[in-house]
1. All but one of (1) touching a His at 6+ places or on another chain (Cβ under 9 Å); (2) under 19 Å from Thr152 (Cα atoms) hold for Asn77, so report the exception by its number.
2. Only one of (1) open to solvent by less than 30 Å² (accessible area, probe 1.4 Å); (2) over 26 Å from Arg34 (Cα atoms); (3) not basic (Lys, Arg) fails for Pro155. Which number is that?
3. Tell me which residues, restricted to region 35-62, are open to solvent by 10 Å² or more (accessible area, probe 1.4 Å) and over 17 Å from the mean Cα position of the chain (by Cα).
4. Looking at Gly136, Gly69 in this structure, which one is open to solvent by 10 Å² or more (accessible area, probe 1.4 Å), more than 25 Å from Lys177 (Cβ to Cβ) and modelled with pLDDT of 95 or more?
5. For region 143-152, which residues satisfy the criterion of being part of a loop (DSSP other than H, G, I, E, B) and either open to solvent by 10 Å² or more (accessible area, probe 1.4 Å) or on the phi > 0 side of the Ramachandran plot (or both)?
6. So if I check each of Ser105, Ser148, Ser160, which one is of a type in the set (Gly, Ala, Ser) and either within 21 Å of Asp80 (Cβ to Cβ) or in contact with a helix residue (DSSP H, G or I) (Cβ under 7 Å, 6 or more places away or on another chain) (or both)?
7. Would you say Asp185 is under 15 Å from the mean Cα position of the chain (by Cα) and open to solvent by 50 Å² or more (accessible area, probe 1.4 Å)?
Amino acid sequence: MKVYKIPPQGFASNSYILTADGKNAVIIDCAQPRVFSICREKGLTPRAVLLTHGHFDHVCGCAKFYEEGVKIYCGENEKDFIFCDDNKSLFGVNIPYFDIYKTLSDGEEVEIAGIKIKTVFTPGHTAGGVCYIVEGCLFSGDTLFCESVGRTDLPTGNASEIIKSVKKLFALKGNYKVYCGHDSDTTLEHERNFNPYVKY
């Protein structure tokens with residue numbers, strides 16, 4: 001599997017384009033519409049967008065994919081939050097409309113474009129946030145960062161929940177490369193040893 005990390009232009013999250021065959025792609029956290037053009041530039045046909053949570057800086061590219069018929073997934077407890085008033089008014093940013101094709105439950109596994117993806121329910125940054133395990137990779141959204149964790153002072157955030165969620169990730173067997181929603185990549189073993197916010 002090939003992972004393309006797409007850093008944002010301006011304020012947004014990292015987006016990730018995953019492909020197993022060099023032809024079809026799964027996108028994790030579609031921050032900006034230009035992610036669609038980047039897929040096409042790489043000769044990839046987007047088959048699905050998977051969201052770690054519903055904040056504008058992670059979803060504002062989804063409308064373009066939705067218009068093109070790409071299916072969009074999120075955690076089962078996050079769907080109603082994306083377009084609720086509290087989230088739509090966050091920082092005064094309007095989220096262009098898209099629809100959720102399917103919600104995913106904790107531990108649920110799906111296979112899309114030849115890529116097996118497992119959902120891990122990780123509330124704390126938002127009440128319905130999730131991470132995704134794909135082969136030896138963990139896509140952590142805003143739950144876990146390099147030597148940090150996501151903020152919990154926004155609507156539906158909860159500090160005690162994010163600590164529980166990070167400990168849940170730390171309890172996964174083995175090591176994973178961690179692709180974060182913002183800033184640098186890390187590894188799960190590094191975070192177990194050096195994350196000052198959560199003790200393993």
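1. In the conditions (1) touching a His at 6+ places or on another chain (Cβ under 9 Å); (2) under 19 Å from Thr152 (Cα atoms), Asn77 misses (1) alone.
2. Every condition holds for Pro155 apart from (1).
3. If the condition is that a residue be open to solvent by 10 Å² or more (accessible area, probe 1.4 Å) and over 17 Å from the mean Cα position of the chain (by Cα), then Ser37, Ile38, Arg40, Glu41, Lys42, Gly43, Thr45 are the ones that fit.
4. Working: Gly136 fails: more than 25 Å from Lys177 (Cβ to Cβ).
The conditions single out Gly69.
5. Applying the first criterion (part of a loop (DSSP other than H, G, I, E, B)) to region 143-152 yields 143, 146-147, 150-152.
Those that are part of a loop (DSSP other than H, G, I, E, B) and either open to solvent by 10 Å² or more (accessible area, probe 1.4 Å) or on the phi > 0 side of the Ramachandran plot (or both): Cys146, Glu147, Arg151, Thr152.
6. Ser105
7. When the stated conditions are applied, Asp185 passes them.
Here's the yes/no breakdown for (1) modelled with pLDDT under 95; (2) open to solvent by less than 20 Å² (accessible area, probe 1.4 Å); (3) farther than 25 Å from Thr45 by Cα:
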{"position": "Lys64", "(1), (2), (3)": "no, no, no"}
{"position": "Glu76", "(1), (2), (3)": "no, no, yes"}
{"position": "Lys88", "(1), (2), (3)": "yes, no, yes"}
{"position": "Pro123", "(1), (2), (3)": "no, yes, yes"}
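The values are calculated or read from the model by the stated rules, or taken from the named source; none is laboratory data. If you're wondering where the values come from, they're calculated on a predicted model, not measured in any experiment. All Cβ positions, even for glycine, are placed from backbone atoms using ideal geometry, and neighbour counts span all protein chains on display. Side chains are part of the model used for accessible areas, which takes the heavy atoms of the whole protein and leaves out ligands, DNA and RNA. Shrake-Rupley method; radii C 1.70, N 1.55, O 1.52, S 1.80 Å.
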